[in-house]
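Here, each number is a calculation from the coordinates, and none is a lab measurement. Quantities reported herein were computed from a predicted structural model and do not represent experimental measurements. All Cβ positions, even for glycine, are placed from backbone atoms using ideal geometry, and neighbour counts span all protein chains on display.
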Amino acid sequence: MSTKTADRPHRLTVFLSAAALIVSVGSATFSFLSLQETRVNRAINEETSRAYVRIVSLLLDTPTLLGSSWSNKWVEGSITLTNTGRVSAHDVRALLDINPPRAEHLYELARFEEIVPGASLTTKIRFRLEDNRNLTSSSDTKEYSLSLKVEYADGLLEGTKIDEVFFCVPPPTPKDKGLAVLTACYTNYDRESFK
């Protein structure tokens, strides 16, 4: 006895049903991944919608800074900061550490209430050196290291954002006079060994 065609599914119907199921699962997976990507993109967007304050230039009177005596000496120069972010930076401070990474004494070089997006602010600086002469130097290159920390409210995260840039200063020569443009360099300190 033969069974009726209607009592059992036709092969074509089974195949089309399986194909529809595969397409539905693929579509659901694609939708889920798209949603995840949207969340990641939103997080990146929120992260980039903040202030980014960068040090554009630092000029210092290096002959005075690297001289043999600091008694009653003043170092002069200028500093330029730029906000490359999308929102204003507030409570901006530039702090110089002439003996990194110890940070025994930080000299406040500049203070700005606000730096709007895209703005570059330059200010003259002048600070008095202390009597004790402590500078961090490299044993192999004989260069001195300075650290410039920029603290600011970035408009996104709670608290203060701190960026730090190290500058290498070659030892002075008799020809050195006046202001020198300092060049950022990579310096790696084991902060634990300096405590």
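When N counts the residues of the chain, how does its alpha-carbon radius of gyration compare numerically with 2.2 N^0.38 Å, as a ratio?
Numbers: Rg = 30.3 Å, N = 195, 2.2 N^0.38 = 16.3 Å.
Dividing the Cα radius of gyration by 2.2 N^0.38 Å gives 1.86.
Would you mind telling me which residue in L16, L121, L59 has the biggest mean-square fluctuation in a Gaussian network model of the chain, where springs connect alpha carbons within a distance under 10 angstrom?
Residue with maximal mean-square fluctuation among L16, L121, L59: L16.
Around L95, under 14 Å between beta carbons, what's the net of Lys plus Arg minus Asp minus Glu among the other residues?
Numbers: positive: R93, R102, R111, K149, K161; negative: D91, D97, E104, E108, E151, D163, E164.
Every neighbour counted, the sum reads -2.
What residues of region 55-92 lie in the reach of a label at S137, counting those whose backbone N is under 11 Å from a point 7 Å from the Cα along Cα→Cβ?
Label zone hits: 66-68.
To the nearest 10 degrees, how steep is helix 11-48 against the longest Cα principal axis of the chain, on a 0 to 90 scale?
20 degrees
Name the long-range amide H neighbours of A110: under 5 Å, sequence gap of 5 or more, or other chain; modelled H, no Pro or chain starts.
When sequence neighbours closer than 5 places are left aside, the close amide H contacts are A94.
Can you work out ³J(HN,Hα) from phi for every residue in region 77-90, in order, using Karplus 6.51 cos²θ - 1.76 cosθ + 1.60 and θ = phi - 60°, giving whole Hz and x for Gly and Pro?
Along region 77-90, the couplings run x, 8, 9, 10, 10, 10, 9, 9, x, 9, 10, 6, 9, 10 Hz.
Pairs of alpha-carbon atoms within less than 8 angstrom and 6+ residues apart define the contacts here; what relative contact order does the chain have, in percent? Don't skip to the answer; put the middle values down first.
On the way: 370 pairs, mean separation 42.5, N = 195.
Worked out over the chain, it gives 22 percent.
Once you have the alpha carbon radius of gyration of region 16-76, what is it after dividing by 2.2 N^0.38 Å, with N set to its residue count? Walk me through the numbers before you get to the answer.
Working: Rg = 29.9 Å, N = 61, 2.2 N^0.38 = 10.5 Å.
Here the answer is 2.85, to two decimals.
Using a cut-off of 9 Å between beta-carbons, work out the net charge of the residues near D163 (Lys and Arg +1, Asp and Glu -1, D163 not included).
Spelling it out: positives minus negatives among the neighbours equals +1.
Please give the per residue volume of the convex hull enclosing the alpha carbon atoms of region 26-141, rounded to a whole number of Å³. Walk me through the numbers before you get to the answer.
Details: hull volume 19.3 nm³, N = 116.
Hull volume over Cα atoms, normalised by residue count, gives 167 Å³.
Give a residue-ordered list of calculated ³J(HN,Hα) values for region 114-122 (Karplus: 6.51 cos²θ - 1.76 cosθ + 1.60, θ = phi - 60°; whole Hz; x for Gly, Pro).
Going residue by residue, I get 8, 10, 6, x, x, 8, 10, 10, 10 Hz, with x marking Gly and Pro.
Beta carbons within 10 angstrom, averaged per residue: use that to sort the peptides 96-105, 160-169, highest first.
Working: 96-105: 18.5, 160-169: 16.1.
Answer by packing, highest mean first, reads 96-105, 160-169.
Considering only E37, E76, E113, give the residue with the highest GNM mean-square fluctuation for the chain, with springs between Cα atoms whenever their separation is below 10 Å.
Among E37, E76, E113, the largest GNM mean-square fluctuation belongs to E37.
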